[in-house]
Amino acid sequence: MLEVSNLSVSYGRHLALSDVALSVGQGEIVVVLGANGAGKSTFIKALAGLVTPAPGARILLGGQSLERLPAHQIVEAGLALVPEGRHLFSTLTVAENLSLGAFLPRTRAQASDSLERVFAVFPKLRQRLSQIAGTMSGGEQQMVAIGRAMMTDPQLLLLDEPSLGLSPLLTTELFRALPNIAATGTSVLMVEQNSHQSLSISDRGYLLEDGRITGEGAASDLLQSEAVQKAYLGM
Amino acid sequence: MFMNALLSGLTLGGVYALVAMGLTIQYGVSRSLNLGYGEFLIGAAFAVYVLFGALGISPYLLALVVVPVAFGLSWLIYRVMLTPILRRARTPVALEIDSLLLTFGLLFAMMGIMLLVFGSNYTSYTYLSVPVRILDATVALNRLVSFGAAVVVGALAFAFLMRTRTGMALRAVAVDPVGAQLVGIDVKWAAGLAFAIGGAIAALGGVLISTYMTFTAEMGVVFTMKALIVVIMAGVGHVVGALLVGLALGLIEAFVAAYLDPGLTVAVIYAVFLLALIVRPVGIFGRAVR
Ligand SMILES: Nc1ncnc2c1ncn2[C@@H]1O[C@H](COP(=O)(O)OP(=O)(O)O)[C@@H](O)[C@H]1O
Ligand SMILES: [Mg+2]
């Protein structure tokens, strides 16, 4: 459903991403592993339209080209991003944050179904609807950010280091929730650093080094591979 | 004297509150501080002065023409002048500096045109200048009607921001433009709309104030400064705060003029502003919006 090829991004002279190719199937969970500065955020921002890819890039979502669309139209096309730093509407309530997730006419019609789906994955949020989002803990904010992205009724959910800044317990809780999201038919593509857990819940994985894809495979194979264990899993 | 000062303070403060609300919407959503904001206010005052003189139509009815024109003009200025620098600016700070320079130019262009057409004389006209007795004080009817109009439009604008989807989208952009894009909001569209709404509100303020105050072609900057003081004191993007502080500003002005000296109003306002900045740098309603 997502087909990426030839994706390069430069910041001025600095080539941050070079010729990346990747695919995600319907209902699949895919993780891209890379060290700090490898280009993970750049990759995911390019997909979401927050940075501009170099000419020649192809980003196809369900057959539709995204590479030239501005960010807000990419959301309309069915791709939702939970960004680094979350970018919640911190002075608005959780209810307002979630309701803004269903801002587009396409998603507004589904808003109450989407909201039930969010509560099914994060039951805690039901009691927190009137809380100001910025006053929540990091883990709770991450749930709101994912919930907001789910409200856009996406075909593909992108997560930029979802476990960053979360306690081990919350990380476990978060990674348990992702397969439930994928089970509803929404594909998940995330980028992570040293996460054993992210590989354990993923179907497939890619390795990103210095802006290039240097390996890929089934998540179970990557978990076994000695090179991966050394480089990414801190063993 | 107390009642007189209270009434003139409330009526003036009501319009200040409205004008500050317009600037906080404009600045809060588009992140472009419009230094030519007060020129829209004065421009509308002159437009009404001319049209009222020529046609004899009530200034309040003329607002139905002047305000939409200001809306369209502000939108156009945003699209033509400010969107190109949006593309150019690499950081939010660069964007703010670029837009300051541009709107500084806008200020002088608009002021220059008005000076050319109207000269630098004090201008005024008489409309509904009938004294009304309230308790033991008198206040002109034009002040009361203007105050009423400011309250109604302020309430409508507030309801629009809080209750409609479009209003919520504008608030979302003010809080986090990146987050707004990620839920499908076209941030450029939202900024243009907010800029237009702000310009329209400034123009309405100009129409209301012109019914009871003398004005000159060079006075726009005074209103920009006052509105900006209110916006900063309240916290950028904080609409309720701007309304309250704007009202307070009108009251302070009236009481200083009545009990101290009319020449001291500006000095006292700046002193209050300075104090507020020292005590609460993020604004009285204290949340850093950015
Ligand atoms: N806005 C930017 N301007 C210039 N260089 C950038 C910018 N953002 C990221 N980079 C550089 O691009 C590389 C990849 O960054 P990033 O995608 O954030 O990596 P990661 O998310 O894997 O840590 C880094 O070398 C970083 O310094
Ligand atoms: Mg990153």
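The values are calculated or read from the model by the stated rules, or taken from the named source; none is laboratory data. Every value quoted in this text rests on a predicted model; they were computed, and no experiment measured them. Positions of Cβ are generated from backbone atoms using ideal geometry, with glycine treated the same way; all protein chains shown enter the neighbour counts.
Brief remarks on what is shown
- The sole residue among B:Val151, B:Val139 that is of a type outside the set (D, E, K, R), out of contact with any strand residue (DSSP E or B) (no Cβ under 6 Å at 6 or more places or on another chain) and over 13 Å from B:Val29 (Cβ atoms) is B:Val151.
- The condition (being over 12 Å from A:Leu157 (Cα atoms) and among the β-branched types (Val, Ile, Thr)) is satisfied by just one residue among A:Val30, A:Val75, A:Val51: A:Val51.
- Residue that is within 16 Å of ligand 1 (Cβ to nearest atom) and on the phi < 0 side of the Ramachandran plot, where the choices are A:Ser137, A:Ser163: A:Ser163
- Conditions (1) within 16 Å of ligand 2 (Cβ to nearest atom); (2) of a type outside the set (A, V, I, L, M, F, W, C); (3) not in a loop (DSSP other than H, G, I, E, B); number of the one not met by A:Arg86: (3)
- All positions within the stretch A:17-42 that are small (Gly, Ala, Ser) and over 25 Å from A:Gln64 (Cβ atoms): A:Gly34, A:Ala35, A:Gly37, A:Ala38
- Some residue of the stretch B:19-31 being part of a loop (DSSP other than H, G, I, E, B) and of a type outside the set (A, V, I, L, M): yes
Listed here are the residues, each with its yes/no results for (1) buried (at least 23 other Cβ atoms within 10 Å of the Cβ); (2) under 17 Å from the mean Cα position of the chain (by Cα); (3) more than 10 Å from chain B (Cβ to nearest Cβ).
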residue: A:Glu76; (1), (2), (3): no, yes, no
residue: A:Val82; (1), (2), (3): yes, yes, no
residue: A:Thr91; (1), (2), (3): no, no, no
residue: A:Val94; (1), (2), (3): yes, no, yes
residue: A:Asn97; (1), (2), (3): yes, no, no
residue: A:Pro105; (1), (2), (3): no, no, no
residue: A:Ala111; (1), (2), (3): no, no, yes
residue: A:Arg117; (1), (2), (3): no, no, yes
residue: A:Ser130; (1), (2), (3): no, no, yes
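- Unmet requirement for B:Ala70, which otherwise passes all of (1) of a type in the set (A, V, I, L, M, F, W, C); (2) surrounded by 19 or more Cβ atoms within 10 Å (Cβ to Cβ); (3) more than 18 Å from the chain's Cα centre (by Cα): (3)
- Note on the stretch B:172-191: residues that are at the interface with chain A (Cβ under 7 Å from one of its Cβ atoms) and free of Cβ contacts under 8 Å to residues at least 12 places away in the same chain amount to 8.
- The residue of the stretch A:166-187 that is nearest to ligand 1 (Cβ to nearest atom), among those that are touching a strand residue (DSSP E or B) at 6+ places or on another chain (Cβ under 8 Å) and of a type in the set (A, V, I, L, M, F, W, C), is A:Leu178.
- Residue in the stretch A:43-59 that is in contact with a Gly (Cβ under 6 Å, 6 or more places away or on another chain) and at pLDDT 95 or above present: no
- Unique match (being under 17 Å from the mean Cα position of the chain (by Cα), more than 14 Å from chain A (Cβ to nearest Cβ) and not in a loop (DSSP other than H, G, I, E, B)) among B:Ala159, B:Ala194: B:Ala194
- Members of the stretch A:16-44 found to be on the phi > 0 side of the Ramachandran plot and free of Cβ contacts under 8 Å to residues at least 24 places away in the same chain, listed by number: A:Gly37
- Taking the criterion of being farther than 18 Å from B:Leu107 by Cβ and in a helix (DSSP H, G or I), the residues of the stretch B:210-231 that qualify are B:Ser210, B:Val230.
- Taking the stretch A:11-24 as the range and being more than 14 Å from A:Gly217 (Cα to Cα) and away from ligand 2 (no atom under 16 Å from the Cβ) as the test, the residues that pass are A:Gly12, A:Arg13, A:Leu15, A:Ser18, A:Asp19.
- Checking every residue in the stretch A:188-198 against the condition of being within 25 Å of A:His87 (Cα to Cα), in contact (Cβ under 8 Å) with a residue 60 or more places away in the chain, within 16 Å of ligand 1 (Cβ to nearest atom) and of a type in the set (Ser, Thr, Tyr) gives at least one match.
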